[in-house]
Amino acid sequence: MPQVFGSKELLEDVHQQELCIGCGACVELCPYFKNYRGKTSRLFPCTLPQGRCFAYCPKAEVDLDEIYRKLRNVPYDGSPIGPYRNIVAAKVGPKMASGSFQGGGTVSALVAHAIKSGAVDAAALTDREALTPQPRLVTRWEEVSRYAGAKFMAAPTLAGLNQAVRQGYKKLGVVGTPCQMLAVAQMRSNPLGKPEHHVPVALAVGLFCNWALDTRQLSALLCERTDIAAVRGMDIPPPPANVMILDTAGGRVEVSLSDIKPLIPHTCFICLDMTSELADLSVGMYEGRAGWNTLIIRSEEGARQVEEAVKAGFLQSESMPGEIIRHLSTAAAAKKERSLRMLIQRGLINTNGGRRAVVRIPQAVMGNILPGRA
């Protein structure tokens, strides 16, 4: 059983060290934790020695080898993009409801088909109110495209998942970033072993992510450039563009990434995962091919959902060139190396002597990621 503590230790280890990413995993579990404009806080003291807030947090005593063995039946080996069955190119199919999709619309197509087919009865997605990300629970497949599009900010999406559990939904879908997929994996593993803590996630769709932005700081920056209430969409094109593009009611606004990157929370620099390795399906941009996505099929259920979505006309897929897969692997490996170095530098990995860690991985795996560290 993993090491699980309570909210006191969560505050000490995560909040007070500015490691909270605001994923929402601890919100809507009890009255104590709330998220407001991207910041999660504990409102009242809690004396429970163990709590789901700590157990689900992706930044508190995460044993990656244990979670991979439990959910994937394989050890954590530090491979760049994690275990998978296949990698394909994908985009939205002709049967999908119309909408304004980011990239190829693959995420929206998969979630919409899962709801329409009955594979899930509700999906936790991310909306925006002005510029602030908000969790949304969606039960009608036609509404999924309303929440399409990248937000580029840390979002409390998993609060919507917790809310859905409380409301009694039995087959849940969820879309999130790698840190959120790690929290979902811990939810699925039921670390405290209590039947009433069962989280019935039927389909987890992960996003590729190198970093997210601090919502409050980004809002303050963009308020100087445009009316943030008028922002309809956001995008960061591949290099050499080096800008964030805002689609607003008044037209296109460009913001240099040199102004954006200082707003990345420090906790993003200790994340070992770029491709949402613990999701059923992982989706990212297909660099060099506009209108398509890279789709990593990881689990048996993920493979089934892709096959059925293609048959139903919600999704189109093609084989992925090996060169693109190698490029993705190189980028993911570089993120692992950078993050592991930062974890070591900050003394947050594999601590001993009773000190709690952010993450634990086998010593030999550290050597796989950083040769010479074994």
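Each reported figure results from applying straightforward, stated rules to the coordinates on display, with no laboratory input. The shown structure was predicted, so the numbers you read here are calculated from the model rather than taken from an experiment. Note that each Cβ is placed from the backbone with ideal geometry, even for glycine, and that neighbours are counted across all protein chains shown.
Sites counted here are GluC sites (Glu not before Pro) in a DSSP loop (not H, G, I, E or B) having no more than 16 other Cβ atoms within 10 Å; the longest part of the chain that contains none of them is 19-223. List the chymotrypsin sites (Phe, Trp or Tyr not before Pro) within segment 254-308 that fall in a DSSP loop (any state other than H, G, I, E or B) and whose Cβ has at most 15 other Cβ atoms within 10 Å. Within segment 254-308, no chymotrypsin sites (Phe, Trp or Tyr not before Pro) qualify (loop, at most 15 other Cβ atoms within 10 Å). Looking at segment 83-153, the trypsin sites (Lys or Arg not before Pro) that sit in a DSSP loop and have at most 14 other Cβ atoms within 10 Å of their own Cβ are Arg85, Lys95, Arg140.
Between Thr330 and Ser41, the distance separating the two model label sites (each 7 Å from Cα on the Cα→Cβ line) works out to 4.6 nm. Only helical runs count toward this figure. For the chain, summing -39,500 (n - 2.57) over DSSP H runs of n ≥ 4 and dividing by all residues gives -8500 deg cm²/dmol at 222 nm. By the rule of a second cysteine Cβ within less than 4.7 angstrom, the chain holds isolated cysteines at Cys20, Cys23, Cys30, Cys46, Cys57, Cys179, Cys209, Cys223, Cys268, Cys271. Under the rule a/c < 1.5 gives rounded, and otherwise a/b versus b/c splits prolate from oblate, where does the chain land using the Cα gyration tensor? Rounded. Translational diffusion of segment 155-261, estimated by Stokes-Einstein from the Kirkwood radius over alpha carbon pairs at 10 °C in a medium of 1.306 mPa s, is 97 µm² per second. With 27 Å as the limit, write out which pairs from Lys70/Lys335; Lys34/Lys171; Lys34/Lys91 have Cα-Cα distances beyond it, or answer none. Where the Cα-Cα span goes over 27 Å, the pairs concerned are Lys34/Lys91. Rounded to the nearest 5, the antiparallel percentage of DSSP beta bridges internal to the chain is 70%. Can you list which of the trypsin sites (Lys or Arg not before Pro) found in segment 202-281 are DSSP loop residues with at most 16 other C-beta atoms within 10 Å? When the trypsin sites (Lys or Arg not before Pro) of segment 202-281 are filtered for loop state and at most 16 Cβ neighbours within 10 Å, Arg225 remain. Of all complete DSSP H helices in the chain, not one has a Cα span along the helix axis of 18 Å or greater and a mean Kyte-Doolittle hydropathy of 1.6 or more.
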